[in-house]
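The values are calculated or read from the model by the stated rules, or taken from the named source; none is laboratory data. The model shown is predicted, which means the values in this text are computed figures rather than measured ones. Note that we place each Cβ from the backbone using ideal geometry, even for glycine, and neighbour counts take in every protein chain shown.
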Amino acid sequence: MKHYRFVPILLLIILFSFSGFGQGGRNESAKTITKRANVFLNSKGERVTKNVTQRRNISQYDDGGHIQCHLLWIKTKTKDGSDLCGENTVRGFSWEHWTKHSRGYIRITYYGVDYANTSHIFIEPDKKGIWSIFWRDISLSALPGSHGEITDVAKLVSVKRVEDKPTKGEWALIFKDAFGTTLRKMPNFLDDRKISLSHF
């Protein structure tokens, strides 16, 4: 009878192994998950965790680099329309790899007064071969007693390019989940880019 006590534990181990949670697997679900994490700063200035790439073979991905958006919380554009933050780089990289079905990995860090958040964006096929975007936000606050967090956004399965007719040459990307809900945008602060939110 004593052996039966270990059956529930064994079942949990098997469940976690196949689901991918125990191995730091991708969030293939339609639910955004936020949890505490041991966040640290790497040599590139990115907020990362020990297994931020979740055992992906990053050599198979085009590297879009790391964009540091220091001034976003103050202003996103200069008077002549140039990009202070570098969001246009992320936007262009994401759109190119999404439309060409090409694996890509790019990071962008947003800085606030007392916090920073690095978004790790993976453009890739899911385990069923369907092209998707896996978006991981890793944040770290400078406030006393705070802790690092990692947010695995629900799997993004739709990317829409929206042109802004009143502002020539301006456009944005809208990232949606399986239910058609907009979960991320690029540029992030669309109001500052004069792109009408009514499009979304």
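Residues of segment 4-26 include at least one that is in contact with a strand residue (DSSP E or B) (Cβ under 9 Å, 6 or more places away or on another chain), at pLDDT 50 or above and within 20 Å of VAL153 (Cα to Cα). Contact map, segment 50-61: residues that are modelled with pLDDT of 90 or more paired with residues that are surrounded by fewer than 16 Cβ atoms within 10 Å (Cβ to Cβ), Cβ distance under 6 Å, separation 6+ or inter-chain. Pairs shown: GLN54/GLY24. Please work out which residue is surrounded by the fewest Cβ atoms within 10 Å (Cβ to Cβ), limiting yourself to segment 103-123 and to residues that are charged (D, E, K, R) and under 15 Å from THR53 (Cα atoms). Top of the filtered list is ARG103.
ARG47 meets each of the listed conditions (1) at pLDDT 90 or above; (2) more than 25 Å from SER141 (Cα to Cα) apart from (2).
Quick grid of which residues meet (1) assigned to a loop (DSSP other than H, G, I, E, B); (2) over 18 Å from TRP135 (Cβ atoms); (3) modelled with pLDDT of 60 or more:
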residue: GLY65; (1), (2), (3): no, no, yes
residue: ASP80; (1), (2), (3): yes, yes, no
residue: CYS85; (1), (2), (3): yes, no, yes
residue: VAL90; (1), (2), (3): no, no, yes
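Residue selection: SER146 fails the criterion of being of a type in the set (S, T, N, Q) and either part of a strand (DSSP E or B) or surrounded by fewer than 12 Cβ atoms within 10 Å (Cβ to Cβ) (or both).
Selection of segment 179-196 for residues being over 16 Å from the mean Cα position of the chain (by Cα), aliphatic (A, V, I, L, M) and either outside any loop (DSSP other than H, G, I, E, B) or modelled with pLDDT of 80 or more (or both) yields only LEU190.
Taking segment 109-120 as the range and being farther than 17 Å from ILE58 by Cβ, assigned to a strand (DSSP E or B) and of a type in the set (Val, Ile, Thr) as the test, only THR109 passes.
Selection of first residues in segment 106-123 that are aromatic (Phe, Trp, Tyr) and of second residues that are surrounded by 15 or more Cβ atoms within 10 Å (Cβ to Cβ) and not in a loop (DSSP other than H, G, I, E, B), restricted to Cβ pairs under 6 Å at least 6 apart or on distinct chains, gives the following pairs, ordered by first then second residue: TYR110/CYS69; TYR110/ASN117; TYR115/SER141; PHE122/TYR105; PHE122/PHE134.
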